[in-house]
Amino acid sequence: MMKRLSRLVLAGSILAFAAVPLLAGDLHGKVECKGLSDSGSAVVYIATLPAKAFAAPKEHAKVDQANMKFVPHVLPVLIGTTVDFLNSDSVTHNVFTPDACAGKFNLGTWPKGQSKSYTFTKECFATLLCLVHPEMEGFVAVVPTPYFAVTAADGSYRIADVPDGSYTVKTWHPKLKATGRTVAVQGATAADFQLSK
């Protein structure tokens, strides 16, 4: 009886173990932005996964116009994401882009406390500008997968929950040449990049 019970417990344990999903990986590292005072504002992302499509998020992303700046300065989003542009300054602001991949949109101008929205439907690195204040500049990086990150000032980044596999990992920066390479992700995986003019 005890032997039979032991076999049942063991069999149950094996089945339970098999049902547990494999843990996703963790892609991390640093991006060195040569010639710049810091290595922040670089976008690191995994390019298209074969035979894998990602639904656009229902929750909107947000860009604020505060203290005469676009905040955040660089916003990465998945294709299909709607971005809300809020004006938190006491002056009138405008949001437009000259980039065709974002439809060369111009949302007009609006006062403090109001916001307008735009949905980004294509892969794109869109420059955000304000007609009222030409010194203002920001960026929306529209990428094909939800696996992305923006580097901190020291160049560090981390993309969590990446399924194990081999991917093309790309990097983009507003002032430097984009680059990319194949990275095999298995568990915690480090990948460093270097960008230059």
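The values are calculated or read from the model by the stated rules, or taken from the named source; none is laboratory data. These figures come from a predicted structure and were not determined experimentally. Reconstructed Cβ throughout: ideal geometry from the backbone, glycine too, with neighbour counts over all protein chains shown.
Just a few scattered comments:
- Set ALA141, ALA152: member being surrounded by 21 or more Cβ atoms within 10 Å (Cβ to Cβ) and either closer than 30 Å to HIS28 by Cβ or in contact with a Ser or Thr (Cβ under 7 Å, 6 or more places away or on another chain) (or both): ALA141
- When every residue of segment 75-94 is checked against the conditions, none turns out to be charged (D, E, K, R) and touching a residue at least 40 places away in the same chain (Cβ under 8 Å).
Here is a yes/no grid of residues against (1) in contact (Cβ under 8 Å) with a residue 60 or more places away in the chain; (2) over 22 Å from ASN67 (Cβ atoms):
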residue: GLY113; (1), (2): no, no
residue: CYS124; (1), (2): no, yes
residue: GLY138; (1), (2): yes, no
residue: TYR147; (1), (2): yes, yes
residue: LYS170; (1), (2): yes, yes
residue: ALA178; (1), (2): no, yes
residue: VAL183; (1), (2): yes, yes
residue: THR189; (1), (2): yes, yes
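- From the list THR179, THR168, THR121, THR189, the lone residue that is among the hydroxyl-bearing types (Ser, Thr, Tyr) and in the same structural domain as ILE79 (by TED's automatic domain parsing) is THR121.
- TYR157 being in a strand (DSSP E or B), within 11 Å of ILE46 (Cβ to Cβ), touching a residue at least 60 places away in the same chain (Cβ under 8 Å) and within 17 Å of the chain's Cα centre (by Cα): no
- Checking each residue in segment 54-111 for being out of contact with any Gly (no Cβ under 9 Å at 6 or more places or on another chain), under 14 Å from GLY138 (Cβ atoms) and outside any loop (DSSP other than H, G, I, E, B) picks out ALA61, LYS62, ASP64, ALA66, PRO76, VAL77, VAL83, ASP84, PHE85, HIS93, ALA102, LEU107.
- Among residues of segment 112-154 being basic (Lys, Arg) and not in a strand (DSSP E or B), the one that is farthest from the chain's Cα centre (by Cα) is LYS112.
- Looking across segment 134-154, the residues that are of a type in the set (Val, Ile, Thr) and within 13 Å of SER41 (Cβ to Cβ) come down to VAL140, VAL150, THR151.
- Within segment 54-71, residues that are among the β-branched types (Val, Ile, Thr) sit with their Cβ atoms under 8 Å from residues that are loosely packed, with under 15 Cβ neighbours inside 10 Å, at 6+ positions apart or across chains, in these pairs: VAL63/VAL71; VAL63/ASP84.
- Segment 155-185, subset buried (at least 21 other Cβ atoms within 10 Å of the Cβ) and of a type in the set (Ser, Thr, Tyr), residue modelled with the lowest pLDDT: TYR167
- In the condition set (1) more than 30 Å from SER166 (Cα to Cα); (2) modelled with pLDDT of 95 or more; (3) basic (Lys, Arg), LYS58 is compliant with all but (1).
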